[in-house]
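Have a look at the structure below, then the notes.
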Amino acid sequence: MKIHNFLLALALFSVPAAFSQNLPDLGDESQSLMSPLQERQIGRQIMREIRADPSYSDDPEVTDYLNALGSRLRAASPDPHQEFNFNLLFDSEINAFSLPGGFVCVNSGLILNAQNESELAGVLGHEMGHVEQRHFARQMAEQQRGQYLSLAVMAASLLAARANPQMAQAGMMGSQAGFVQAQLSYSRDKEREADRIGYQTMTGAGFDPQGMVTFFQRLQQETRLENDAPVYLLTHPLTYERIADMQNRAQNAPYRQVPDSIDFQLVRAKLKSEIGDPKDNVAFFEQSLSEKRYLNETASRYGLVSSLLIYKQYDRAKQELQLLRKMLPNNPMVDTLAAQIYDESGDTDTAQQIYREGLQAYPDNRALTYDYADVLLRHDRPAAALKLIEKRLQYSPSDYHLYQLQARSYAALDKHLLEHRAQAEAYYYVDDIKAAIDQLRFAERSDDGDFYQLAGVEARLKELQALLPPEDDRDSRKNRQ
């Protein structure tokens, strides 16, 4: 999707018409804040559009790492009951931003530029602070009700900034330029508030207090040296006062040396291996290993193996894999990488054995589950794939990716009613209710289901129709005629 079309879609759909009719009266101080449920609804709608952008990545290994780190931070935050969902954008710009309701988007460029895990934790803690202090709702409460829809424009500008700062600035030159500019730039008080919450959160979770300081100092220095502010600073204005506040907090804290987790290092190596020319990446990791210039030798070895796989140097990848397994014998990311190497090199039996053994050791691992199911489907074993998927769905009933795999399995088995029913659930869990309803109507027209399956489809269809305003459902019907 082109970026300007993406921004237009985001602005149009972020705040649905039916939802806007039930907004709180922002002029009434007793109702000056949106409810948490309303914030969550807005965030979900924005995330639906973000998922359609090419930069969005649902890589299970990276997103699971981010959400595990987020869960650790949330447990130490002032509001451990606040729900958070962390998402990856495959973008080289140094950026992260939070959305209403606890959705946080993190660019791959930010992860790669964080020199240690405490720096990344500091940035995530800061973004969580914006959510927990309800800065979106509080800023909206300061505006007139008629300006409410500009939240969508603000979110669109946030997203544009991560790819093209000039486009973001141009987008703020319309009739609502002043309002959007005010929304894009959090006030100094709100930034300091998020710093305070972020610092409290990251230190409470056991990270190095200096992490937040060193990351923001480096951003500030890069701005001075290159005269080109990182995208992150366009929406998070950094002042010397903020840096001084962070330094004061860190200096008053006891010294704490915190080693990085192996997952942090492996995720960074994986992202590095996936950016740019694979031949150059192989050379990069070879040189870092030969010259011993690395933050973590095991991670550099992982990055080399991953780069060799992408470069399709399978024999060399297998050789280096043996060294990696000796260094890190029990790790699901290494198991997934190993199975991918054998599968892509044509040794499917070995790949499937690695997946089976990996899932015995790590039954909850999403990457192993997704990849193994995909391999089974590609090698004409849909019944085995379906068994694997349905077992996993018992523990992860809202995993849209599992429903997509389930739909593929049913399609291979010529069970079309169940195929459409599974695809409907996949759409439902990415908040595309109209598409889910369409799939259920396809299921209704399938002639291969029994009475009970058809009754289940009809009941689910009524549930989802109740979630749509009548005019939206009528439009959905009209578009199919």
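The table below gives the values:
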| quantity | calculated |
| --- | --- |
| Restricting segment 47-102 to residues that are of a type in the set (Lys, Arg) and modelled with pLDDT of 90 or more, the residue that is surrounded by the fewest Cβ atoms within 10 Å (Cβ to Cβ) | 51 |
| Filter result for residue 428 (among the aromatic types (Phe, Trp, Tyr), surrounded by 13 or more Cβ atoms within 10 Å (Cβ to Cβ) and farther than 30 Å from residue 334 by Cβ) | yes |
| Number of the exception - residue 448 against (1) modelled with pLDDT under 90; (2) surrounded by fewer than 16 Cβ atoms within 10 Å (Cβ to Cβ); (3) in contact with a Leu (Cβ under 8 Å, 6 or more places away or on another chain) | (1) |
| Qualifying positions in segment 391-405 - among the polar types (S, T, N, Q) and either under 19 Å from residue 360 (Cβ atoms) or touching a residue at least 40 places away in the same chain (Cβ under 8 Å) (or both) | 394, 396 |
| Residue that is nearest to residue 49 (Cα to Cα) [pool: residues in segment 417-442 that are among the charged types (D, E, K, R) and without any contact (Cβ under 8 Å) to a residue 60 or more places away in the chain] | 434 |
| Residue among 380, 414, 374 that is touching a residue at least 12 places away in the same chain (Cβ under 8 Å) and either β-branched (Val, Ile, Thr) or over 22 Å from residue 348 (Cα atoms) (or both) | 414 |
| Matching entry among 355, 311, 302 (being in contact (Cβ under 8 Å) with a residue 24 or more places away in the chain, hydroxyl-bearing (Ser, Thr, Tyr) and crowded, with 18+ Cβ neighbours inside 10 Å) | 302 |
| Helices (runs of 4 or more DSSP H) (entirely within segment 287-391) containing at least 1 residues that are more than 28 Å from the chain's Cα centre (by Cα) and acidic (Asp, Glu) | 314-327, 348-361 |
| Restricting segment 316-332 to residues that are surrounded by fewer than 20 Cβ atoms within 10 Å (Cβ to Cβ) and without any contact (Cβ under 8 Å) to a residue 24 or more places away in the chain, the residue that is nearest to residue 280 (Cα to Cα) | 316 |
| Members of segment 343-352 found to be within 14 Å of residue 378 (Cβ to Cβ) and touching a residue at least 24 places away in the same chain (Cβ under 8 Å), listed by number | 343, 344, 348, 351, 352 |
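The values are calculated or read from the model by the stated rules, or taken from the named source; none is laboratory data. All of these numbers come straight from a predicted model, not from anything done at the bench. Glycine gets a Cβ as well: all are built from the backbone with ideal geometry, and neighbour counts include every protein chain shown.
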